[in-house]
Structure formats: structure tokens, C-alpha cells
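Read the structure below first, then the notes.
The values are calculated or read from the model by the stated rules, or taken from the named source; none is laboratory data. Just so it is clear, the structure is predicted and the values come from calculations on it, not from any experiment. Because the Cβ atoms are built from the backbone with ideal geometry, glycine has one as well, and the counts that use them run over all protein chains shown. Quick note on the areas: whole protein, heavy atoms, side chains included, nothing else; ligands and nucleic acids left out. Shrake-Rupley method; radii C 1.70, N 1.55, O 1.52, S 1.80 Å.
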Amino acid sequence: MHPLMNRLLYHLIAFVVVAVWGTTFVFTKLLLMAGLTAAQIFVWRFVIAYVLLLGYAVVLHWLKRRTFRLFSSNWKDELLMLGLGVTGGSLYFLAENTAMVYTTTTNTSLIVCLCPLFASLLISMFYKSERLHGIQIAGTLMAAVGVVIVVLNGHFVLHLSPVGDTLAFIACLCWALYSLLIIPANKRYDIVFTTRKVFFYGLVSMIPYFLVKPEEADMFTIAKIQTFTPSVILNLLFLGCVASMLCFLTWNWVIKKLGAVVATNYVYFNPVVTVVFAWLILSERITVYFLAGTLLILLGMFALNKGGKKGNRQLGL
């Protein structure tokens, strides 16, 4: 395949992954309404994803004689995997979902979806070749303004909540850190192994939380099992199989191909997809603010990807 077609394919896949993640707010909301807590939803989706990936790795080992490993090459890399599990798993999801308890969904979405700005800044501090320049900086700022317009949707009043907004900002920083840490992980290990470790340590790092809140560890009690209606099971399977296993695998692969900064900027499309999905499923109205914000995001992403040749490949580290 022609190199240009390859790059277009990588960008398309990055958009599709973000599109899927944009729909998860609706599915998570339905599960919360069914009686599951944010922590329980996270554990179920990561357990499903981990079991599937572990099974896939075992099958590859037996059928294709591929090396099967449980641990990284050294303890430093194992700590790196732990960091990925916390920043891209437990702490990120707990902070994001708990933020919506203390503040509005608008505040949470706005703060979390601005993570590309922080990711670009953080990554540029460690990798000079990933720094944005000139029109790329203008592009990411333009896209960020577009996100603000889409999320606020003409209601330019934010209800400040120190606790909720702080938690949302923690989630934002977590994803920025994940984008930074995945660069060396992708360089040293294959995608399946790295993603499997993310799920594993995401689950392991939830243990302290359940020790503090043991009442939320009742996922296997009779009372809790009774809440598992067919719709709840289907929602969990979607979140575990598609939004977690397939999307995390694909996202880590796209970061390897496009570079962390360019790939992370696709998060700007997350609220756009959420609004479109709500329009299709919940019959919510599409406004002129949404169209204007989406246009700014599209123009910003075009400028970002057009402005630098380095963004379209994984960098030598």
C-alpha cells in the first residue's frame, strides 16, 4: 500500500477509536442507572478485556509458537506497565466517573477532552522531536476552542465545583501521562503484551480502592447478580470487548504509527461523536454552535496534520 494511503488509514482508525469512546458515556450512564457503581463498571469491562487478551496470547503461543510472557524484561519496565495501568485505567476512570457525581457532565467533558493540550506540552518536554511548531500549535488551539464551543453548546455558564473539576482535571492529566508512557512501552514490547499489562495493572491497582470501600466489592453477590439483565450484560460486553480490548489495542497501535501527539489530538472529536450519537439515539437537537465547533475542530486537525511531517510517524526514541 502507498505510504500516503497508509497514513490516511492510520488517521481513519484513530478517528474510529475515538468515535467508539465517544459512545461509552451513554452506555456507562445506562449501567449506572441499572445499579452498578463506576468502580464496578470499570472492573467488569477490564476483566472482560483482560481475559480475552490473555486467551488470545495463549492461542497465539500454541498455534504460531509465539513467545508468551507474563512479565516485562526488567523491573523498571514492569513499573512502566504499572504506570500505564494506573494512568490509563484505574485512576483515570475513577477520577472521570466520580467527577460527574460532584460536577456537571458539561464540566467533566470539557476538562477531560482538553487533554491533548496537556499531552502535547508534557510529551514535548521529554521528546524534542514530538514538539509542535507554528501552524501545528495554531491547529491544536483551534481544535481546543472548537471543543469548548461544542461542549458548552451556547450556554456559556460553567457551574464551578472545586472537587468535581479537580477530579476531571486529574483524569485529564492521567490520559496525558498515559500518552507519554506508552511511547517507550510501544518501543520495547509488542502491542498485545503492553495492552494486556494495562488491563492487568488497571485491575490490580483497584485493590486499595475496594479495601477502603468494601461495600462496592459485592459484584458477585446474589443481590448484585440480579441486576444483570440482558441489556446490562450486552452493555458490559460492548464496553469490555469493543471499547476496552479492541479500542485500547488499536489506540496503542495508532500511537505507534502516528506518534503520541498527533494521535492524542483525535480526542478532540470525542464530544462531537457524543453529540451525534445522542442525536441519533436520544433525538437531541443539533445546534449551530455544534456545527461551528465541529468545523473549528476539523480545521484545527487539518492544520495540525498538515503542519508537520514528523507527526505522521512514530519517532525514534
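Consider region 287-303 and keep the residues that are of a type in the set (Ser, Thr, Tyr) and assigned to a helix (DSSP H, G or I). The one that is most open to solvent (accessible area, probe 1.4 Å) is TYR289. Against the list (1) more than 18 Å from the chain's Cα centre (by Cα); (2) closer than 20 Å to PHE199 by Cα, the condition THR28 fails is (1). In region 240-256, the count of residues that are more than 13 Å from the chain's Cα centre (by Cα), more than 17 Å from PHE27 (Cα to Cα) and modelled with pLDDT under 85 is zero.
Yes/no matrix, rows are residues, columns are (1) free of Cβ contacts under 8 Å to residues at least 24 places away in the same chain; (2) under 23 Å from CYS247 (Cβ atoms); (3) surrounded by 15 or more Cβ atoms within 10 Å (Cβ to Cβ):
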{"residue": "ASN74", "(1), (2), (3)": "yes, no, no"}
{"residue": "ALA95", "(1), (2), (3)": "no, yes, yes"}
{"residue": "ALA99", "(1), (2), (3)": "no, yes, yes"}
{"residue": "VAL112", "(1), (2), (3)": "no, yes, yes"}
{"residue": "PHE118", "(1), (2), (3)": "no, yes, yes"}
{"residue": "SER124", "(1), (2), (3)": "no, no, yes"}
{"residue": "GLY134", "(1), (2), (3)": "no, no, no"}
{"residue": "ALA143", "(1), (2), (3)": "no, yes, yes"}
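Scanning region 257-267 for residues that are within 13 Å of the chain's Cα centre (by Cα) and of a type in the set (Val, Ile, Thr), we see that the one that is farthest from ILE111 (Cα to Cα) is THR264.
From the list VAL26, VAL20, VAL43, VAL47, the lone residue that is of a type in the set (A, V, I, L, M, F, W, C), modelled with pLDDT under 80 and under 15 Å from LEU237 (Cα atoms) is VAL26. Only one entry of PHE25, PHE42, PHE46, PHE93 meets the criterion of being of a type in the set (Phe, Trp, Tyr) and out of contact with any Phe, Trp or Tyr (no Cβ under 7 Å at 6 or more places or on another chain), and that entry is PHE25.
Taken together, the residues in region 56-70 that are over 24 Å from the mean Cα position of the chain (by Cα) and open to solvent by 100 Å² or more (accessible area, probe 1.4 Å) amount to 6. Looking across region 100-143 at every residue that is among the small types (Gly, Ala, Ser) and over 17 Å from GLY22 (Cβ atoms), the one that is modelled with the lowest pLDDT is identified as SER129. Pairs are defined by a Cβ separation below 8 Å, a sequence spacing of at least 6 or placement on different chains, a first member in region 167-195 that is of a type in the set (Phe, Trp, Tyr), and a second member that is in a loop (DSSP other than H, G, I, E, B) and open to solvent by less than 10 Å² (accessible area, probe 1.4 Å); no pair meets this definition. If you go through region 192-219 and keep only what is in contact with a helix residue (DSSP H, G or I) (Cβ under 7 Å, 6 or more places away or on another chain) and crowded, with 19+ Cβ neighbours inside 10 Å, you end up with THR194, THR195, ARG196, LYS197, VAL198, PHE199, PHE200, TYR201, GLY202, MET206.
Look at region 218-233: where a residue is more than 16 Å from ARG45 (Cβ to Cβ) and a partner is at pLDDT below 65, sitting 6+ places away or on another chain with Cβ atoms under 6 Å, you get ASP218/LYS224.
One residue stands out in region 24-47 among those that are among the β-branched types (Val, Ile, Thr) and crowded, with 20+ Cβ neighbours inside 10 Å: the one that is nearest to ASN265 (Cα to Cα), namely THR24.
Within region 261-286, count every residue that is open to solvent by less than 30 Å² (accessible area, probe 1.4 Å), modelled with pLDDT under 85 and among the small types (Gly, Ala, Ser). Count: 1.
Only residues that are basic (Lys, Arg) and in a helix (DSSP H, G or I) were counted across region 15-66, and they come to 3. Counting the residues of region 72-129 that are under 20 Å from THR166 (Cβ atoms) and outside any helix (DSSP H, G or I) gives 4. Test VAL163 against the criterion of being surrounded by fewer than 18 Cβ atoms within 10 Å (Cβ to Cβ), under 18 Å from LEU79 (Cα atoms) and either at pLDDT 80 or above or under 21 Å from the mean Cα position of the chain (by Cα) (or both), and give yes or no. No: the conditions fail for VAL163.
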